[in-house]
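To start, the structure itself, in structure tokens.
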Amino acid sequence: MSEFNCWVTPVNEVVQEDLATGGFVEYEYFDCGSDVLASLVYTLFEQNWQQVGIAHIVQGSVLELEFNAPPKLCILYDGYLTVAAEGWHLHLCIDTNFGGPLCKTPVEVRKQRLVSRAAFYRRFNSEGNPRSWGIQFWNGANEQLMTILLPNPLVDGENLLPEGKPNLDKLALYQDLRDIYVLGRKPIPFSKNPLKHSYISVCTSTRCLPSRKWQPTFDALKSAVENAGLDIEVRTSGCLEVCQLGPVVFYSNDRTWYTRVNPNVAENIVNEHLIKGNKITENLYPPQTP
């Protein structure tokens, strides 16, 4: 694992794309390594959720979403960022997606899914005046992924402000993030990847009957972690891709899956694996061959 670098090296690439309807879009590309992307999306969704929107924009269709409250979940699992709001959620592949415990994702598909290009953009009208600000992502197949809509100084709610009277204070987030991620003038405000903190999760999916008995396992893990004084979050999760063998537990630090985890096994996982580094081989998935 490479050491976290809080300084982004500028890409120094600016591209102008003319629009068929007049005007153009200016793209300023930036490094899209996993630590950089994780720091950026954490800043956007955890710290500035009330200022940003998420959109999927293609010719003939626009979908826009916004947060009405802080996200209920912001987690990285198997390369995918998951952000859950009230009534909707999003996934974005910002690190290698191996495909669960069996690493089912082919190498070429891993490359295709991963964010491989990212840019801050400004959209200009035909008079050369900027009209909107945001961040755009592309995958390894050069397909446009989601768009982050940043605060617009020309808009108040759903209404355009009078011409010549923009609220320029609303550009503060764009300018601050651009200084960090495009220009490299300021450091990333984290000392480590904010999405790669240690956690152990219990599957609560109703897809398989055994996982419906997750609560005693969760309680045992939480109690054991607290008693040991470990700085590891105990959380619940959706499907952990080992259906019919629940309760299923996943440990983020070394990508370990456990199956058939009753409360006794849960306590052993904490005491042996999390504290001493010794995995509980009888419950590992995939099963260990002699």
* Calculate for the chain the 222 nm mean residue ellipticity that helices alone would give, adding -39,500 (n - 2.57) per DSSP H run of length 4 or more and normalising by residue count, nearest 500 deg cm²/dmol. => -4500 deg cm²/dmol
* **Highest-fluctuation residue, Phe24, Phe45, Phe120 considered, GNM on the chain with Cα pairs under 10 Å** => Phe24
* Given charges at Cβ of Lys, Arg, Asp, Glu: the chain dipole, positive-most of Gly53, Asn159, Cys203 -> Cys203
* Asked: Any idea of the accessible area per residue across region 122-206, 1.4 Å probe, to the nearest Å²?
  -> 51
* Structure fact -> Karplus-derived 3J(HN,Hα) from phi for region 122-136 (6.51 cos²θ - 1.76 cosθ + 1.60, θ = phi - 60°), whole Hz, x at Gly and Pro, runs 10, 9, 10, 7, 5, 8, x, 9, x, 10, 7, 9, x, 10, 10
* Structure fact -> With Cα coordinates, the longest principal axis of the chain makes an angle with the long axis of helix 172-181, in degrees rounded to 10, of 70
* So what's the net charge close to Arg131: Lys and Arg +1, Asp and Glu -1, counting the other residues with Cβ under 11 Å from its Cβ? -> +1
* Asked: How big is the charge dipole of region 196-290 about its Cα centre, in debye rounded to the nearest 20, if each Lys and Arg gets +1 on its Cβ and each Asp and Glu gets -1 on its Cβ?
  -> 280
* Structure fact -> Between Lys111 and Asp18, the two model label points (7 Å from Cα along the beta-carbon direction) sit apart by a distance in nm of 3.3
* How much accessible surface does Thr204 have with a 1.4 Å probe, in Å² rounded to 10? -> 40
* Structure fact -> For region 165-290, whose charge dipole is built from +1 on Lys and Arg Cβ atoms and -1 on Asp and Glu Cβ atoms, the candidate among Pro247, Val265, Leu177 with its Cα farthest towards the positive end is Leu177
* Structure fact -> Full extension between Ser2 and Tyr80 adds, at 0.36 nm per residue less the Cα distance, a length in nm of 26.2 nm
* Packing-based order for 258-267, 273-282, using average beta carbon neighbours within 10 Å, highest first -> 258-267, 273-282
* Calculate what fraction, in whole %, of the accessible area of region 38-114 sits on carbon and sulfur atoms when a 1.4 Å probe is rolled over the protein chains. => 52
* **Qualifying GluC sites (Glu not before Pro) in region 1-96, DSSP loop, other Cβ atoms within 10 Å at most 13** => Glu3, Glu13, Glu86
* Go ahead and run the numbers for FRET between Asn167 and Arg255, Cβ-Cβ distance against an R0 of 41 Å, rounding to 0.05. => 0.35
* Structure shown: which of Lys213/Lys276; Lys104/Lys222; Lys196/Lys276; Lys192/Lys213; Lys196/Lys279 lie over 24 Å apart, alpha-carbon to alpha-carbon? -> Lys213/Lys276; Lys104/Lys222; Lys192/Lys213
* Assigning unit charges at the beta carbon (Lys, Arg +1; Asp, Glu -1) and nothing else, what dipole magnitude in debye, to the nearest 20, does the chain show about its Cα centre? -> 780
* Asked: Among His89, Asn193, Thr256, whose Cα sits farthest toward the positive end of the charge dipole of the chain (+1 at Cβ of Lys/Arg, -1 at Cβ of Asp/Glu, about the Cα centre)?
  -> Thr256
* With only Lys, Arg, Asp and Glu charged, each at its Cβ (+1 for the first two, -1 for the last two), find how big the charge dipole of region 92-211 is about the Cα centre; round to the nearest 20 debye. => 520
* Structure fact -> Within the set Ala38, Ala118, Ala228, GNM on the chain using Cα springs under 10 Å gives the largest fluctuation to Ala228
* In region 164-268, what percent of the accessible surface is made up of carbon and sulfur (1.4 Å probe, ligands and nucleic acids excluded)? -> 47
* Accessible-area value, Leu149, 1.4 Å probe, nucleic acids and ligands omitted, Å² -> 40
* Asked: On a 0 to 90 degree scale, rounded to 10, what angle separates helix 214-228 from the longest Cα axis of the chain?
  -> 90
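The values are calculated or read from the model by the stated rules, or taken from the named source; none is laboratory data. Keep in mind that what you see is a predicted model, and the values were worked out from it rather than measured. So basically every Cβ, Gly included, is an ideal-geometry build from the backbone, and we count neighbours across all protein chains shown. Note: accessible area is taken over every heavy atom of the protein model, side chains too, but ligands, DNA and RNA are not part of it. Shrake-Rupley method; radii C 1.70, N 1.55, O 1.52, S 1.80 Å.
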